[in-house]
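Worksheet: the structure to be examined is printed underneath.
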Amino acid sequence: MSDRESDRRHPLKARRPIASGAVSTFTAIATAIVLVLAGLAAAFSINVRFGVVATAYVTLQALYSGPLKHLVIIDVLTIAAGFVLRAVAGAEAVNVDISHWLLVCTVLLALFIALAKRRHELTLLADGATSHRPILGEYSPYLLDQMISVVTASTLIAYVFYTISPETQQKFGTPWLGLTIPFPLYGIFRYLYLVHQRKGGGSPADLLLTDRPLLACVALWAVSVTLIIYRPSIL
């Protein structure tokens, strides 16, 4: 809601309900309060740990909407932390242990997507970038490309170690998860291609759902993981 004026100057975000005027600020605030309180109550009703993680997530989002989104580098790290809390919340909701490798992969992949989104905003808005989001003035395409390169390599290495680690092999009862490594390789390279050559990356969800090769890669990865874990005898 605090971004509604800057969103109106964005070619895509101007269509959002609050920015476009389809939803009033009062209605948005009242609805948000009701949904947050109902969500937290539901989270604590599942179990206390899940409720605590949900509270931490809401607090993080509130801080991001306030001061944190105006701090260079901290802004993308906060976004990544939000994805980690979602993963932790899922594990707490079903009362299972979460692998530290999975947390590492989650934070790195989230950083990759957040940095790519920053780059898309910077190149899309050009000279008007800082009027939409002042923090964009602290970034440059070159700086973001350097960060993306570091995170890309780290993400792939983390996934490789995750699939071949003894801990993972023991947990899933198979040494063959390493066969899925080509899928994240292609997926990340395809995403970078769409960001650099097709000027995509503004909405990761839309990119995933509209790009058929990327969608096929995710689907094949999911099928491969399922077959390897639950049908190890076929290998």
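The values are calculated or read from the model by the stated rules, or taken from the named source; none is laboratory data. These numbers come from a predicted model, not from an experiment. Here the Cβ positions follow ideal geometry from the backbone for every residue, glycine too, while neighbour counts run over all protein chains shown. Just the protein is used for accessible areas: all its heavy atoms, side chains included, with ligands, DNA and RNA removed. Shrake-Rupley method; radii C 1.70, N 1.55, O 1.52, S 1.80 Å.
Summary of computed values
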{"quantity": "Per-region count, segment 158-199, residues touching a residue at least 24 places away in the same chain (Cβ under 8 Å), assigned to a loop (DSSP other than H, G, I, E, B) and farther than 24 Å from LEU215 by Cα", "calculated": "3"}
{"quantity": "Out of SER131, SER149, sole residue that is modelled with pLDDT of 90 or more, open to solvent by 50 Å² or more (accessible area, probe 1.4 Å), in a helix (DSSP H, G or I) and among the hydroxyl-bearing types (Ser, Thr, Tyr)", "calculated": "SER149"}
{"quantity": "Flag for LEU125 being aliphatic (A, V, I, L, M), over 20 Å from the mean Cα position of the chain (by Cα) and part of a helix (DSSP H, G or I)", "calculated": "yes"}
{"quantity": "Residues of segment 71-119 that turn out to be at pLDDT 90 or above, open to solvent by 30 Å² or more (accessible area, probe 1.4 Å) and either within 14 Å of ARG133 (Cα to Cα) or not in a helix (DSSP H, G or I) (or both), as a count", "calculated": "3"}
{"quantity": "Test: residue in segment 207-223 that is open to solvent by less than 50 Å² (accessible area, probe 1.4 Å) and in a loop (DSSP other than H, G, I, E, B)", "calculated": "yes"}
{"quantity": "Residues satisfying the stated conditions in segment 43-70, i.e. small (Gly, Ala, Ser), in a helix (DSSP H, G or I) and surrounded by fewer than 17 Cβ atoms within 10 Å (Cβ to Cβ)", "calculated": "SER45, ALA56, ALA62, SER65"}
{"quantity": "Single residue of segment 136-146 satisfying the filter (open to solvent by 40 Å² or more (accessible area, probe 1.4 Å) and either part of a loop (DSSP other than H, G, I, E, B) or free of Cβ contacts under 8 Å to residues at least 24 places away in the same chain (or both)) that is farthest from SER99 (Cα to Cα)", "calculated": "GLY137"}
